[in-house]
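The values are calculated or read from the model by the stated rules, or taken from the named source; none is laboratory data. Just so you know, these numbers come straight off a predicted model, no measurement behind them. Reconstructed Cβ throughout: ideal geometry from the backbone, glycine too, with neighbour counts over all protein chains shown. For accessibility, only protein heavy atoms count, side chains too; no ligands or nucleic acids. Shrake-Rupley method; radii C 1.70, N 1.55, O 1.52, S 1.80 Å.
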Amino acid sequence: MTTENGPVTGHGGDTVAAVVRQWQTVRPDIDTGPMEVIGRINRCAALLQQAEDAPLRRAGLTRAEFDLLGALRRTGHELTPGELARETFSSGAAVTKRLKLLQERELVERRADARDRRVAHVGLTDAGRDLVDAILPEQLAYETVVLSVLDDAGQGRLSGLLGELLAQLEGRLGVRRG
């Protein structure tokens, strides 16, 4: 974003601001506003995924694996790998790989369809359900601490803005909305 006084970089202390300043030095003719927003979204996502103290990591799960387990728990019934891919915004190949790991850990089980043996149905095991039920409150408490740097109003504004952006992106890309 730019104003008549130049680029708007209201967060001078973060790593994205440093990158933006470098670009503004070598290419002052380019509006770095999109980089300031998208760069911060990507950086926050990367840091959240790398967090060593996150309950998911302590449980030996990635966010993507937990999303699969969570989809099975919140829908309350078995899903096919294709349905899981749609529910978790993942590719079929990624879901297959994650399901194999979760099945080895005995957190999910596959059942062949009675009419079409090529179709698999995936459900949570008791251990999988118990793990999701135990980790979800811990993960939400962790995320509450992460977001505590913003007051309730700031969190609401951020959530609203991200929701607007997400809805636009999903609409542009033809992504099914829940």
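Numbers for the structure displayed
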| quantity | calculated |
| --- | --- |
| Any hit, segment 123-130, residues being without any contact (Cβ under 8 Å) to a residue 60 or more places away in the chain and hydroxyl-bearing (Ser, Thr, Tyr) | yes |
| Segment 66-100, residues that are open to solvent by 30 Å² or more (accessible area, probe 1.4 Å) and within 18 Å of LEU131 (Cα to Cα) | ASP67, ARG73, ARG74, THR75, GLY76, HIS77, GLU78, ARG98, LYS100 |
| Cross-chain or 6+ apart pairs with Cβ under 6 Å, segment 101-114 first and over 24 Å from ILE135 (Cβ atoms), then surrounded by fewer than 15 Cβ atoms within 10 Å (Cβ to Cβ) | ASP113/VAL119 |
| Subset of segment 133-178 that is assigned to a loop (DSSP other than H, G, I, E, B) and in contact (Cβ under 8 Å) with a residue 24 or more places away in the chain - its residue that is most open to solvent (accessible area, probe 1.4 Å) | ARG176 |
| Conditions (1) farther than 19 Å from VAL20 by Cα; (2) surrounded by 12 or more Cβ atoms within 10 Å (Cβ to Cβ); number of the one not met by GLY60 | (2) |
